[in-house]
1. Could you please find all residues in the range 107-140 being hydrophobic (A, V, I, L, M, F, W, C), touching a Ser or Thr at 6+ places or on another chain (Cβ under 9 Å), open to solvent by less than 60 Å² (accessible area, probe 1.4 Å) and not in a loop (DSSP other than H, G, I, E, B)?
2. Please work out which residue is farthest from Pro97 (Cα to Cα), limiting yourself to the range 147-170 and to residues that are open to solvent by 10 Å² or more (accessible area, probe 1.4 Å) and among the small types (Gly, Ala, Ser).
3. Can you tell me which residue among Ala27, Ala40 is open to solvent by 40 Å² or more (accessible area, probe 1.4 Å) and at pLDDT 95 or above?
4. Pairs, please: C-beta under 9 Å, at least 6 apart or cross-chain, first residue without any contact (Cβ under 8 Å) to a residue 60 or more places away in the chain and of a type in the set (D, E, K, R) and in the range 138-157, second assigned to a helix (DSSP H, G or I) and open to solvent by less than 60 Å² (accessible area, probe 1.4 Å)?
5. Which residues, counting only those in the range 55-91, are open to solvent by less than 20 Å² (accessible area, probe 1.4 Å), in contact with a strand residue (DSSP E or B) (Cβ under 6 Å, 6 or more places away or on another chain) and over 14 Å from Ala18 (Cα atoms)?
6. Is it the case that Leu99 is modelled with pLDDT of 95 or more, under 29 Å from Arg28 (Cβ atoms), open to solvent by 20 Å² or more (accessible area, probe 1.4 Å) and among the aliphatic types (A, V, I, L, M)?
7. State whether the residues of the range 10-18 include one that is surrounded by fewer than 20 Cβ atoms within 10 Å (Cβ to Cβ), out of contact with any Gly (no Cβ under 7 Å at 6 or more places or on another chain) and more than 21 Å from Val130 (Cα to Cα).
8. For Thr79, state whether it is in contact with a Ser or Thr (Cβ under 8 Å, 6 or more places away or on another chain), among the polar types (S, T, N, Q) and assigned to a loop (DSSP other than H, G, I, E, B).
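The values are calculated or read from the model by the stated rules, or taken from the named source; none is laboratory data. Everything numeric in this text was worked out from a predicted model, so none of it was measured. Reconstructed Cβ throughout: ideal geometry from the backbone, glycine too, with neighbour counts over all protein chains shown. Note: accessible area is taken over every heavy atom of the protein model, side chains too, but ligands, DNA and RNA are not part of it. Shrake-Rupley method; radii C 1.70, N 1.55, O 1.52, S 1.80 Å.
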Amino acid sequence: RHHHDRHGASDAGGVRVAVVVASDRCARGEAEDRSGARAAELLRAAGHHVAPVVIVPDGVASVAGAITAAAPTADVVLTSGGTGVGPRDATPEATRPLLERELPGLAEALRRHGEAHVATAVLSRGVAGVTASGVLVVNLPGSTRGVEQGLDVLLPLLRHVVDQVRGADH
C-alpha cells in the first residue's frame, strides 16, 4: 500500500478511477461487459487505482446516478457506452449537467484519434469535463477498441489533468 495524501492519490502517482458501463444488454446479463473490464485492466497496468466496474442500463437517470455515486471516491470517472446516435444512447445527456467546466478539446481529441482507426468514431457524442467537486468525467465509446483508443489519448494526460484540477502549479 502506498501512502495516500489528503486527496487520496498515492505518492506513486496513480489516480483513483471509477469505470461506469452504460449497456442495457450487459445490465440485463445478456452480454458480458468487455469494454469496462478492458478499461480497468489498462488503467491498473498504468499504475492507477480502479474501483470495481459498475454496469447500469442506458439512460440519463441510471448513468447520471452511477457517475454521481462514484464521484466522491474518485479523481476520474470514465464511462463506456451510450455515446452513439441510437435511441437509447443518453450518456452525454447524463454527463453534461454534472459538469461545471467542459473540456471540449479532450472530447475532440478522443474522436480524432478514434477516427484514424474507424470512420464511425465521428458519430460519438461523448463529452468530457470537470464537476464542481473536481472530478474529471470522460465518456468513451462502448467497444473494447473504442476504450483502448480513448485510453491511448487519456492515459498520458490523466495525472496532469488531476493535478491541474486540484490547483497544482503548471
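1. Ala107, Leu110, Ala128, Val137, Val138, Leu140
2. Ala168
3. Numbers: Ala40 fails: open to solvent by 40 Å² or more (accessible area, probe 1.4 Å).
Criteria check complete, one pass: Ala27.
4. Partner pairs satisfying both residue conditions: Arg145/Ser35; Arg145/Gly114; Asp152/His113.
5. Scanning the range 55-91 gives Gly81, Gly82, Thr83, Thr91.
6. Values: modelled with pLDDT of 95 or more: yes; under 29 Å from Arg28 (Cβ atoms): yes; open to solvent by 20 Å² or more (accessible area, probe 1.4 Å): yes; among the aliphatic types (A, V, I, L, M): yes.
For Leu99, the condition - modelled with pLDDT of 95 or more, under 29 Å from Arg28 (Cβ atoms), open to solvent by 20 Å² or more (accessible area, probe 1.4 Å) and among the aliphatic types (A, V, I, L, M) - is met.
7. The answer is yes, given that some residue of the range 10-18 is surrounded by fewer than 20 Cβ atoms within 10 Å (Cβ to Cβ), out of contact with any Gly (no Cβ under 7 Å at 6 or more places or on another chain) and more than 21 Å from Val130 (Cα to Cα).
8. On the way: in contact with a Ser or Thr (Cβ under 8 Å, 6 or more places away or on another chain): yes; among the polar types (S, T, N, Q): yes; assigned to a loop (DSSP other than H, G, I, E, B): no.
No: the conditions fail for Thr79.
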